[in-house]
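Here is the structure we will look at.
Just so it is clear, none of the values below were taken in a lab; they were calculated from the coordinates. Here the structure is a predicted model, which is why all the values come from computation and not from measurement. Don't worry about glycine lacking a Cβ; one is built from the backbone with ideal geometry, like all the others, and counts go over all protein chains shown.
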Amino acid sequence: MPDPTLVLLHRLIGGDPSAAAQIIRASETSSSPPLLVAAALLGRHGDILDRAEALSTTSRDRQLVVLARTHLGGDTDRLDALVRDHLSDYPDNLLASWIAGRPAPSEVLPTSITSPEDTTS
């Protein structure tokens, strides 16, 4: 029987629109580092990565946490190198590939928001 957490992560990676909400809900009680990493990236919550790091018992999981932190930090050059190293050791890790393929946070979130008071007429 397949691992339900892995199935859920594969649904997310495959583009299932309902998987993201399910992962975020599951992250409230999950002890799965990969699920927590995915939830942190979906919601941009560093505290979830702290939980993932605390629960990580394998190099694979600890490296996923580092990949997520690097991605959220916007260090794309370092992320590329780390993902290549990770995938050379764990070529079946689709979550690492998914992290590498996500837009950098600066591409998703504006770096500054101008309020109406800041504009001049």
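Which one is nearest to Ala96 (Cα to Cα), of the residues in segment 1-50 that are among the basic types (Lys, Arg) and without any contact (Cβ under 8 Å) to a residue 24 or more places away in the chain?
Checking each candidate, the answer is Arg11.
Of the residues Arg84, Arg60, which single one is of a type in the set (Lys, Arg) and touching a Phe, Trp or Tyr at 6+ places or on another chain (Cβ under 9 Å)?
So the residue among Arg84, Arg60 that is of a type in the set (Lys, Arg) and touching a Phe, Trp or Tyr at 6+ places or on another chain (Cβ under 9 Å) is Arg60.
Of everything in segment 51-81 that's surrounded by 19 or more Cβ atoms within 10 Å (Cβ to Cβ) and small (Gly, Ala, Ser), which residue is nearest to Pro103 (Cα to Cα)?
Here the residue is Ala68.
Do the conditions hold for Ile99, that is, is it of a type in the set (A, V, I, L, M, F, W, C), surrounded by 19 or more Cβ atoms within 10 Å (Cβ to Cβ) and touching a His at 6+ places or on another chain (Cβ under 6 Å)?
Yes, satisfied.
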